[in-house]
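The next block holds one structure in the form of structure tokens; read it before the comments.
The values are calculated or read from the model by the stated rules, or taken from the named source; none is laboratory data. Values in this document were obtained by computation on a predicted structure and should not be read as measured data. Neighbour counts run over all protein chains shown; Cβ positions are idealised from the backbone, glycine included.
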Amino acid sequence: MTTVAIIGGGIGGLSAAYFLLEKARSQGRPLHLHVLEASNRWGGVIRTVREGGFIVEGGPDSILSFKPAGLALWQDLGLEDEIMGTAPGRRAFIFFRGRLHPFPEGLTLMIPARLGPLFRTFLLSWRGKLRAAWNLVQTHRTPDGQDVSVAEFVTRHLGREVFERLVEPLFAGIYAGDARQLSLRTTYPQLLELERQYGSLLRGLLHRTRQRKRHPNGFRPRYTPFVTLRTGLGRMVEALVARLQGLADLHLGMKVTRLEPLDQGRWRVYLDDGALEAQHVVVATPAHAAAPLVEDFDPDLAHLLAEIPYAASVIVSVAYDRSQVPHSLEGSGFVVPRVEGRPLLACSWTSSKFPHRAPAGKVLLRCFFGRAGADEVASWPEEDLLALTRQELRETMGITGEPERAWVFRWRPALPQYTLGHGERVAAIFQRASQWPGLHLVGNAYQGVGIPDVIAQAKRAVEELFPAS
Ligand SMILES: Cc1cc2nc3c(=O)[nH]c(=O)nc-3n(C[C@H](O)[C@H](O)[C@H](O)COP(=O)(O)OP(=O)(O)OC[C@H]3O[C@@H](n4cnc5c(N)ncnc54)[C@H](O)[C@@H]3O)c2cc1C
């Protein structure tokens, strides 16, 4: 009998538990599995509230369909019929100099990849457009192994305006981070690959776009880039927990306080109240919560884990009667560049993207706060956050009325920041952890922050734990 303790009941821990049970079943290995979650609910930052006909996501609201691990898990869980894409023809906007402007068409990898829309957009000055176009004759290759920031890389290829007005706000919306500090190699390696192949970002993107036009069928994906589940991402958590029930010991409200390696490759897992023993421990907590667990036996590993910075995030969802919202809402929402100096990072028009998420005649908007370096809003009282949301929606979308309902979700600290040197830091973490037989690390701190990335890591950890015999 192999005993495994999984620490953390977010998507990392739950999917690791699911893959372990599947693997043990297929290999005919007896398995005793504990899943230990400190809080009183499963899912970590995934939280869906269903209330008054609204489906409100407190954390993530969709996954990228072209990263296979997420959809594959949904299919395994029998959720295929519940997968839904975003409503068609939904453009994104940017709030710039007091107005909402549509993003230039033809964005690929967050970068404008068609010259016509790039030249027509009101978002860039003529100087900015010519600077971007100059990349067609520029050649630059980042030396192998050199880590550059997203800001430095995009500015070098396409100029400051493209970075500040187009790329930075999209990036901040995903990483809640400061693109001047984030490592391109670990957040956006596809851009480095384009540079390596073509020596110029714009030449590479234009070439990709032409290829796509020439072979449209070869590139027509089954799903839209962002997909979700009809009743919210919480459905994935519910389905996972239902699969684990009866096959694993599932414990809520059980905080692990430290780990102790024993002889013969066993581990003692200390809880707030008591302890248990296991041959393997899968630490699926955020890195800052993993650090104290390993501190006693490997202070260097604890130090490396604690070095990964995190940003706080606040999401305020508000519901209005359609008559109160003057905007056409024909789009998916908007982002706000840092240069605008506003606290609002982005606003997703949830009921336009996923129309069934609000009752007929109602509008559901999801506002993001917590810009890197200014994320103290996460500790503001709820009424101040609501007042800030109303003010930002009035000034950006002209909504003057009161919301009919509001939901405030605070995540602190929530999103790991893959700052310069992240790749080396993670390599050092895994190298140190590999010295401790039976210790496995899973989670968004290491090799990708998206849900599919975390699921893929959980799968890799399980392959390592139960290698194919
Ligand atoms: C606001 C927000 C929006 C996001 N939007 C998207 C999106 O749209 N699409 C997308 O793909 N990704 C998105 N992400 C990222 C993605 O949701 C996360 O990276 C992923 O869900 C993290 O899963 P996890 O299991 O690694 O960590 P978590 O969800 O943080 O789970 C870790 C769990 O460990 C528990 N824990 C901590 N310490 C202990 C302890 N000592 N003992 C026991 N348990 C412990 C915690 O209580 C928690 O439940 C978003 C993230 C945030 C915060």
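Summary of computed values
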{"read-out": "Residue check, Ala445 more than 20 Å from Ala72 (Cα to Cα), within 18 Å of the chain's Cα centre (by Cα) and not assigned by TED's automatic domain parsing to the domain that holds Pro381", "value": "yes"}
{"read-out": "Output for the range 223-247, where each listed residue is within 15 Å of the ligand (Cβ to nearest atom) and not in a helix (DSSP H, G or I)", "value": "Tyr223, Thr224, Pro225, Phe226, Val227, Thr228, Leu229, Gly232, Leu233"}
{"read-out": "Yes/no for Glu395 being among the acidic types (Asp, Glu) and modelled with pLDDT under 95", "value": "no"}
{"read-out": "Residue count, the range 157-197 (criterion: within 16 Å of Arg371 (Cβ to Cβ) and polar (S, T, N, Q))", "value": "1"}
{"read-out": "Within the range 301-312, considering residues that are in contact with a helix residue (DSSP H, G or I) (Cβ under 6 Å, 6 or more places away or on another chain) and at pLDDT 95 or above, the one nearest to Arg432 (Cα to Cα)", "value": "Leu301"}
{"read-out": "Matching option when the condition is under 21 Å from the mean Cα position of the chain (by Cα) and under 30 Å from Ala17 (Cβ atoms), among Val49, Val150", "value": "Val49"}
{"read-out": "The range 431-455 - residue that is among the hydrophobic types (A, V, I, L, M, F, W, C) and surrounded by 20 or more Cβ atoms within 10 Å (Cβ to Cβ) and, of those, nearest to Tyr188 (Cα to Cα)", "value": "Val449"}
{"read-out": "Condition met for Gly10 (on the phi > 0 side of the Ramachandran plot, within 9 Å of the ligand (Cβ to nearest atom) and modelled with pLDDT of 95 or more)", "value": "no"}
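Rundown of residues vs (1) more than 16 Å from Tyr175 (Cβ to Cβ); (2) more than 14 Å from the ligand (Cβ to nearest atom); (3) touching a Leu at 6+ places or on another chain (Cβ under 8 Å), yes/no style:
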position: His422; (1), (2), (3): no, yes, no
position: Ile429; (1), (2), (3): yes, yes, yes
position: His440; (1), (2), (3): yes, no, yes
position: Tyr446; (1), (2), (3): no, no, no
position: Ile451; (1), (2), (3): no, no, yes
position: Ile455; (1), (2), (3): yes, no, yes
position: Glu464; (1), (2), (3): yes, yes, no
position: Pro467; (1), (2), (3): yes, yes, no
